[in-house]
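Undergrad: Have a look at the structure that comes next, please.
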Amino acid sequence: MYRIINIIAVIMAAVLGAILGGEYKNPLHLLGLVTIIAYAVIVDNLIREHEKKNADMESKEIDLDSKNEQLVKTKQQLNDTTLKLSQILLQTNQSGDNRMYLAVFPSTSGIISFSSPIEIHVVLNTPFDIQPAPDIKLITKERWKSIKADGNIVLPSRYANQFEYTVSSSRNRSLQNHLNKYFVYKLEIEFPKAGVFEFIIEAKSNEFISTISNNIEVA
């Protein structure tokens with residue numbers, strides 16, 4: 001719009017100059033006309049640059065709004081996932097008075113795929129100090145593709161149509177021990193196919209025992 005107004009103004013100035021007796025054969029009058037045209041070109045470029053900046057700014061604002069929308073959705077998904085994990089994966093124990101408390105957390109909040117390994121955190125909380133840290137045992141109904149601790153494959157033992165994977169705390173360098181009461185074990189697990197995989201996790205020490213069972217849905 002501003003560019004059209006600028007062009008019209010230049011044409012009117014040239015015509016008005018002629019009407020008022022301008023002789024464009026006269027070098028002075030011709031210089032004036034050239035100056036007006038040069039001014040029009042400069043103003044046109046400035047207007048074009050200004051319009052481009054405005055368009056870029058509008059594009060960035062639209063992109064920012066889109067990112068903010070996505071951020072809100074992501075936060076909501078994380079909140080929903082956290083709630084789902086606390087409802088489904090966090091479980092009380094199934095044994096005795098001297099109980100430890102176990103929880104299992106996948107490292108991903110999205111879909112668990114059998115095509116790539118995932119990291120599982122097994123969290124153990126005890127009411128009293130425990131030395132040394134308990135070993136944990138993962139029991140499955142079918143053999144999983146691989147279970148690793150510290151990058152080393154944990155081989156299963158088979159008992160009564162079940163597979164038992166024992167992770168020794170003394171050989172687990174990635175085991176996190178806080179005040180001998182709070183322990184975090186990290187396992188890298190890969191599944192052989194899509195489906196629902198049931199499991200039991202046991203943690204035992206001389207005074208305590210804890211067992212939880214759940215399943216992991218793999219796509």
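No lab work stands behind these numbers, since they all come straight from the coordinates. Nothing here was measured: the structure is a model prediction, and the numbers come from that model. Note that each Cβ is placed from the backbone with ideal geometry, even for glycine, and that neighbours are counted across all protein chains shown.
Undergrad: Filter K145/K181; K137/K186; K145/K193 down to the pairs with a C-alpha to C-alpha distance above 20 Å, please.
TA: Result: K145/K181 exceed 20 Å.
Undergrad: At 0.36 nm per residue, minus the direct Cα-Cα distance, what do H50 and T108 gain on full extension? Give it in nm, one decimal, please.
TA: 16.3 nm
Undergrad: Also: Kindly list the residues of the stretch 193-211 that lie in the label zone of D129, defined by a backbone N under 17 Å from the point 7 Å along the Cα-to-C-beta vector.
TA: Output list for this probe position: 206-208.
Undergrad: While we're looking at this one, here's another question. Using a Förster distance of 35 angstrom, determine the FRET efficiency expected from the C-beta separation of Q70 and S116, and round it to 0.05.
TA: Calculated transfer efficiency: 0.90.
Undergrad: Right, next: Within the stretch 118-219, list the GluC sites (Glu not before Pro) lying in a DSSP loop whose Cβ has at most 13 other Cβ atoms in a 10 Å radius.
TA: Qualifying residues, ordered by number: E142, E207.
Undergrad: Now, a different point. Between N180 and A194, with labels modelled 7 Å along Cα→Cβ, what's the label distance in nm to one decimal, could you check?
TA: Those two pseudo-labels are separated by 4.9 nm.
Undergrad: Just to verify a number: FRET efficiency for E207 and E142, C-beta to C-beta distance, R0 = 30 Å, to 0.05?
TA: 0.35
Undergrad: Could you pull out which residues in the stretch 127-141 have an amide N less than 15 Å from a spot 7 Å beyond the Cα of T166, following the Cα-Cβ vector?
TA: Under cut-off, by backbone N: 134-140.
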